[in-house]
Structures are given as C-alpha cells and as structure tokens.
Amino acid sequence: MNDGVAGHRFEDPKLLETALTHGSYVHEHPDEAAADFERLEFLGDAVIDLVVGEELYQRSARASEGELTALRARVVSGESLATVAKRLGLPERARLGAGEEASGGRGRIGLAASLFESVIGAVYVDGGFEAARDVILRAMHDEIESTDTAPRKSAKSVLQERAQAERHPLPVYRVVEERGPEHSRDFVIEVEAAGRVAKGEGRSKREAEEAAASKLLEEVGWS
C-alpha cells in the first residue's frame with residue numbers, strides 16, 4: 001500500500017493501513033489481527049475541527065461566535081469531507097469486507113468522510129499537530145477558500161420562504177434510505193416542493209435535508 005497521502009509520507013505505514021481499514025474487513029479477516037479506523041477517525045475529527053476553526057478565526061476577524069460555528073459546520077460537513085476524501089482517492093484505497101463492498105459501501109458519503117477523518121488522525125499520530133495541520137489546509141484548501149463571513153440562511157429556510165412567497169405548500173421531507181453501520185450512518189432524504197422532488201445525502205438527517213433542499217433550490221432556479 002502506498003505509504004503517503006496529501007503530501008505526507010508516513011514514518012509508520014501501518015498507521016495509514018489502519019486508517020484505510022473498515023470494520024467489515026477486520027471482521028472477515030480475523031487471521032490478520034488488523035485494526036479498523038474508528039479510533040483514528042475519532043482523533044481526526046477533533047483535529048479537523050480545531051484546525052479549520054483556527055483558520056476561520058484568523059481569516060474572519062469580525063465574525064461572531066455563531067457565524068464562525070456556522071462557517072465551520074459548512075466546511076467540515078460530511079458532504080464536504082467526503083468530497084475531499086474522493087479527491088484524494090481514499091475510498092478506492094480503503095480495505096472493505098466483501099459484504100460492505102457488495103452493498104455499495106465504497107460509494108457512501110459517510111464512509112468517505114470517515115476515511116478522511118481517520119487519515120488525519122493517522123497523520124497526527126505519525127507526525128504531530130503541524131503535520132496534520134499542513135495536510136488539512138492543503139487538502140481542504142478549496143472548501144476553506146469558498147467560505148465567506150456573510151451570514152447565510154440554511155437551504156431549508158430559503159426553500160420554505162420561497163415556497164410560501166410563491167404560494168406553494170410547505171416543503172415535505174421524507175427519509176428514503178438509511179445506510180451503513182450504526183456509528184457511521186448515511187441518510188438519503190427527499191424533499192418535495194413547488195411540484196418538484198429532489199434527494200440529498202448526509203451523515204445526519206439534518207445534513208441530508210440541507211443537501212436535498214439545496215438541490216431543489218437549484219432545480220427550481222431559486223438559489
């Protein structure tokens with residue numbers, strides 16, 4: 001397995017191997033005594049929050065606590081982290097069990113986002129905070145650069161307001177599918193409004209609803 005990612009070369013390649021190993025693989029290969037990525041994912045999640053929070057704090061001198069919280073939530077959303085993971089090719093490098101592979105796990109937003117978090121956790125353990133910070137800022141450059149400090153309403157709020165203004169019924173959200181293990185769920189939710197239906201995916205119902213509302217806004221031309 002290639003022992004580098006996003007410019008970081010691992011002193012201990014085993015850390016990267018663990019960061020890319022799903023629990024289903026461990027379950028199906030007990031003879032390998034391998035570990036899954038969950039502990040590294042926990043650590044990486046905290047490091048990403050800190051690095052992105054610090055970067056936004058430095059960039060957005062006039063933003064309030066609430067605005068900074070909203071900005072960070074957008075940058076570190078499951079969909080955003082999954083996009084970064086896919087850009088780095090992490091899902092393709094992941095070790096999955098046959099069952100997870102067959103069920104389409106490699107394409108799940110939740111898995112991709114978890115892989116990026118676990119890899120950052122591995123970089124932190126391998127090279128320390130500065131190494132992890134460098135990888136995060138390099139890998140998430142586009143996501144961080146795309147933020148601004150202007151307060152922005154959620155897509156759900158905008159969709160509801162536009163529907164009311166155009167005298168349409170209020171948007172209706174429905175859970176279409178729940179995928180993945182309990183600790184790493186993906187939710188697929190559809191929203192119906194203005195005679196249109198759109199689907200969104202996320203690591204929480206709220207995130208999936210936001211994604212669905214955002215897509216519908218684009219389809220109707222209200223974005």
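The values are calculated or read from the model by the stated rules, or taken from the named source; none is laboratory data. Here the structure is a predicted model, which means the values were calculated and not measured. Cβ sites come from the backbone with ideal geometry, for glycine too, and all protein chains shown count toward neighbours. Heads up: the accessible areas ignore ligands, DNA and RNA and are worked out on the full protein's heavy atoms, side chains in. Shrake-Rupley method; radii C 1.70, N 1.55, O 1.52, S 1.80 Å.
Filter the stretch 1-16 down to the residues that are in a helix (DSSP H, G or I) and without any contact (Cβ under 8 Å) to a residue 40 or more places away in the chain and list them by number.
Passing the criteria: 13, 14.
Is it fair to say residue 206 is within 17 Å of residue 79 (Cβ to Cβ), out of contact with any strand residue (DSSP E or B) (no Cβ under 6 Å at 6 or more places or on another chain) and among the basic types (Lys, Arg)?
For residue 206, the condition - within 17 Å of residue 79 (Cβ to Cβ), out of contact with any strand residue (DSSP E or B) (no Cβ under 6 Å at 6 or more places or on another chain) and among the basic types (Lys, Arg) - is met.
So which residues in the stretch 48-63 are within 26 Å of residue 13 (Cβ to Cβ) and either open to solvent by 20 Å² or more (accessible area, probe 1.4 Å) or under 14 Å from the mean Cα position of the chain (by Cα) (or both)?
Scanning the stretch 48-63 gives 48, 50.
Tell me which strands (runs of 3 or more DSSP E) are completely within the stretch 132-223 and hold 1 or more residues being modelled with pLDDT of 85 or more and surrounded by fewer than 15 Cβ atoms within 10 Å (Cβ to Cβ), or say none if there are none.
172-179, 196-202
Between a first residue in the stretch 181-207 that is touching a residue at least 24 places away in the same chain (Cβ under 8 Å) and a second residue that is part of a strand (DSSP E or B) and among the hydroxyl-bearing types (Ser, Thr, Tyr), which pairs have beta carbons less than 7 Å apart while being 6 or more apart in sequence or on different chains?
Close Cβ pairs satisfying both conditions: 191/173.
Only one of these conditions is not met by residue 26: (1) open to solvent by 30 Å² or more (accessible area, probe 1.4 Å); (2) within 13 Å of the chain's Cα centre (by Cα); (3) of a type in the set (A, V, I, L, M, F, W, C). Which number is it?
(2)
Mind listing just one residue for me: the one in the stretch 82-131 that is open to solvent by less than 10 Å² (accessible area, probe 1.4 Å) and among the polar types (S, T, N, Q) and, of those, nearest to residue 11 (Cα to Cα)?
118
Residue 104 - would you say it is within 25 Å of residue 205 (Cα to Cα) and modelled with pLDDT under 95?
yes
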